[in-house]
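Worksheet: the structure to be examined is printed underneath.
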Amino acid sequence: DLRLTREELSPLGSGKEAWDRVDTLAKLTPVEWYYVVGHSRLAGGRSIFVSALGAILDVVRVAASPAWRECGHSGMTEAACEARACSWTPPAPDDPASQPSCL
């Protein structure tokens with residue numbers, strides 16, 4: 001239960017003008033939507049909303065560009081990644097928060 005507010009559920013409002021804007025957004029490709037709407041909605045929101053929208057945007061991004069999908073999972077090793085014919089990227093040595101990725 002995310003307990004989203006009315007403004008979070010309908011950020012464009014609920015009148016005719018808002019529905020017109022929704023119609024315009026509906027015509028965008030997923031990647032266009034991601035860049036036009038996603039980044040602006042992730043700025044300054046409640047953490048639960050930002051987290052939920054971020055997850056949705058990740059799914060939209062990957063669905064729009066299957067080449068961007070992640071082959072791995074948390075705890076995957078370099079050998080297991082390469083066995084899936086994916087590309088391993090080690091964590092950045094100068095960034096303690098960096099995580100390896102398997103794409």
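Could you give every pair whose Cβ atoms fall below 9 Å, whose first residue belongs to the range 72-88 and is farther than 11 Å from Ser101 by Cα, and whose second residue is modelled with pLDDT of 85 or more, counting only separations of at least 6 or pairs across chains?
From residues that are farther than 11 Å from Ser101 by Cα, the pairs are Ala79/Trp88; Glu82/Trp88.
Mind counting the residues in the range 3-17 that are assigned to a helix (DSSP H, G or I), under 20 Å from Phe49 (Cα atoms) and free of Cβ contacts under 8 Å to residues at least 40 places away in the same chain? Give the steps one after another, and end with the answer.
Just the residues of the range 3-17 that are assigned to a helix (DSSP H, G or I), to begin with: 6-9, 16-17.
Subsequent filtering for residues that are under 20 Å from Phe49 (Cα atoms) retains 6-9.
Next, from what is left, pick out any that are free of Cβ contacts under 8 Å to residues at least 40 places away in the same chain: 6-7, 9.
Matching residues across the range 3-17 total 3.
The values are calculated or read from the model by the stated rules, or taken from the named source; none is laboratory data. Treat the numbers as computed from the prediction; the structure is a model and nothing was measured. Cβ: placed from backbone, ideal geometry, glycine included. Neighbour counts: every protein chain shown.
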